[in-house]
1. Starting with the fewest neighbours, write out B:3, A:367 ranked by other beta-carbon atoms found within 10 Å of each beta-carbon.
2. Percent of alpha carbon pairs in segment B:336-391 separated by more than 15 Å?
3. With a cut-off of 12 Å, note down the residues of segment A:369-384 whose backbone N falls inside the zone around a label point 7 Å from the Cα of residue A:357 toward its beta carbon.
4. 7 Å from Cα along Cα→Cβ at both residue A:405 and residue B:241: what's the point-to-point distance in nm?
5. Considering the dipole of segment B:2-81 built from charges on the beta carbon (Lys and Arg +1, Asp and Glu -1) around the Cα centre, which of B:2, B:12, B:66 is farthest to its positive end?
6. Looking only at Cα atoms, what is the convex hull volume of segment B:135-273 per residue, in Å³?
7. Mind checking A:362-371 for the average number of partner chain beta-carbons within 10 Å of each residue's beta-carbon?
8. Restricting to Cα pairs below 8 Å that are 6+ residues apart, what does the relative contact order work out to for segment A:119-221? Please round to a whole percent.
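Rule-based calculations on the coordinates, nothing more; no lab input. Just so you know, these numbers come straight off a predicted model, no measurement behind them. Neighbour counts run over all protein chains shown; Cβ positions are idealised from the backbone, glycine included.
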Amino acid sequence: MASLHTDFVGIRSPNPFWLASAPPTDKEYNVRRAFQAGWGGVVWKTLGAEGPPVVNVNGPRYGVIHGPDRRVMGINNIELITDRPLDVNLREIKAVKRDFPDRALVISLMVPCDEESWKAILGRIEDTGADGVELNFGCPHGMSERGMGAAVGQVPEYIEMVTRWVKQHSRMPCIVKLTPNITDIRKPAEAARRGGADAVSLINTISSITSVNLDSFSPEPSIDGKGAHGGYCGPAVKPIALNMVAEIARDPATRGLPISGIGGISTWRDAAEFIALGCGSVQVCTAAMTYGFGIIKEMTAGLSAYLDDKGMRLSDLTGRAVPNVTDWQYLNLAYVTKARIDQNLCIHCGRCYAACEDTSHQAIAMSPGRIFTVKDEECVACNLCVDVCPVESCITMHELPPGTVDPRTGLVAGGYANWTTHPNNPMARAAE
Amino acid sequence: MTSPHTPGVVAHRLDAATLARNFADVQEPFDHHEARVAADRCYFCYDAPCIQACPTAIDIPLFIRQIQAGRPVEAARTIWDANIFGAACGRVCPTEQLCEGACVREEAEGKPVEIGRLQRHATDAGMATNTHPYERAPATGRRVAVVGAGPAGLACAHRLALHGHDVVVFEKRKRPGGLNEHGIAAYKMPDDFAQREVDWLLRIGGIEVRTGVALGRDLSLDDLRRDYDAVFLGIGLQGVNSLRAPGEDKAGVRDAVEFIEGLRQAPDKGAIPVGRSVVVIGGGMTAVDAAVQSRALGAEVVTIVYRRGQEAMSASHHEQDHAKHEGVRILHEAAPVEVLGNGAAREVAFRYTETTPEGLRVLDHGFKLEADQVFKAIGQTLGELPEGLAASGGKIDPTRLPAGVWVGGDCAPGGEDLTVTATAQGRDAAESIHIHLTGGR
């Protein structure tokens, strides 16, 4: 079995699966259960400054998007940072770390945007023996109205400033957690790096309204007939998170900055994809909130087995896909594929036909007996038929062998030619 | 005290609680969540094969999508637009031979979308609103006579009423509903469902049902043609085939349809006598309904004997499996040659058969089955036709009808003898009559 031992910016854990800062990591009882179940690390739910704790709403905190059979596709929450006294949290952190010295224990922090507040709390965190801190610059609801969380994370200059204070007043590794509620994720990442951050983690939740009650006309979750936007997470946000991770991993200004990946990770496969895009650890929340901590066994066993199948170490996987993330302009326009329908697997539902005929390129023919075939002279290889086909591997894309003529365009397939040199591109440069 | 062990044909073999259980709804209705999950399995196929396989061409993917989107009442409307007996069909259609047999998931994984149960779910929701979803067009002043208050006649009447015509339905029996009311096993339509459906259908208005009136006895086709602007005949099949075997006249030998009808109309099922050893001869739905209900009444040994092979049985696999599950034995390739017994049936003698290119051949060896009751379920016939009608191929010949007369349902050719087929033919005849009466305006 491939080892999953992880050293992420000096924080060691027996596997790269950490629980994200969120309700599952709010107190000792939960965190002990998580560690007993096998989680490699925990980012303790965000602590605030000394003083009266925040209060939460006393109505529903979560909204949900269900798939078929009430499968949880996404959860939205309006919970704030920990609503328990700072002393209690610190005492519990110390006790847990003492009993689980091999696990990663990172403390998420969110205090007012002044140097004294940060300095004050950092010393107290160090006393617990925790392995590092994560700066919560991402929370999009509630705290942002008070000038914290996403309100800081949306201003790169603030990120840089606060990160610098943290590195100045603490020797602990510092992870900056980024909000996706921003136009260009690379800017806050660059700011974190300039401020001296050891790593970034992303994504935090996405501002969202999950649904509107069509009887009361209140957004959900509804608190006495009113709703506020919350933060969206779970499987539905994974594609957004993967892109943001990749942007940071491949940008020259942020390349090499360690990343802890977050966003809809539900199985070992999701985690492997984040790792392949450059993440040194991954954080999970919604899947644990949906199924409980027991899922960690599937995640660790699956990732290990995958690495064994590929003959790779975990470090071989890390960042493996990053070189293959590029800009559209560099995609090979001479690479031509055509859809092929396997008649032995086809169940004759006609979804490919409806999709292509109604919404795409009229490239599928329907013959008597409900036989569906691809018209190569019309097929632009868009892949929609593959996507909507209910049978796995029934429709597949096949590359035209280099040298053959694409019957749609009359052009010879093969070789490499991208937009930068294309004659239709007014900005085209002559091939060198 | 009688029991399943009591010899002869006797009533009250089982206690009331057991009987109630045996005649309870055989089909488990979906609850709301189950229906959403089942609906989600539909692929919303292009030009869907299930629609083509439905004699009434219900837009099945659309109604399933409406269930999925949380609107079962609108789903019911989609069903009823094509098939006003959609609620009955959701219960009794041999779906594996129709929509579900054509479902692409049947081909893909041998487990089709449960269209029948979903249809029942939607129509139950629609009927539970206790409203009738259709409003009649302005009155045309035209009057149409419909003979037979079965699915064909009532589907025709409903569609005609919808178009603003006034309809009088003549029914020979005491209650309307036709085979839905009289010819289908009680456990498929418990709680007087067929009557409730007829009542619901008639709420459209403009339809008068006169029961106890028989064509040929109480009125003639010429009377109807004289008094009405058009006539629709949905008179079903009135006769039954005979065994043509010695001993058929012995006590204990009955037509299965008569047994099924008696059970449907009996206020106390336990009062219906049934044999200890029952033999049902036939291979269709009627044979299964008679056999399973014999078991439900407490018959100890029930055997269906069919003269051809299993593949030739017209009862669906689902029906056959149900019969076997209820403890009915099904024998194939054996033909009855004599009912034995001294006055009352005691045994039935069978000979094995084989299918040859020249047809079915009865061999010279066979077996005997003990039987104190024998049900004949070997097909129904037109019987004696009212004056003015001609038969062809065992059905009313639609090419030789008097002017102004339409025909549909089991008495007419085309399709299987099913509620759904009758409904389609009644509906289509109504559209044809409507065009005839109004020029389609």
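1. Details: B:3 13, A:367 8.
Fewest-to-most Cβ neighbours within 10 Å comes out as A:367, B:3.
2. On the way: 1013 of 1540 pairs.
The share of Cα pairs beyond 15 Å in segment B:336-391 comes to 66 percent.
3. In segment A:369-384, the label zone of residue A:357 (backbone N under 12 Å from the point 7 Å along Cα→Cβ) covers A:369-373.
4. My value for the distance between the label points is 6.5 nm.
5. Towards the positive end, the residue furthest out is B:2.
6. Details: hull volume 16.8 nm³, N = 139.
Convex hull of Cα atoms, per residue: 121 Å³.
7. Details: counts 0, 0, 1, 0, 2, 0, 0, 0, 6, 0.
That works out to 1 on average.
8. 27
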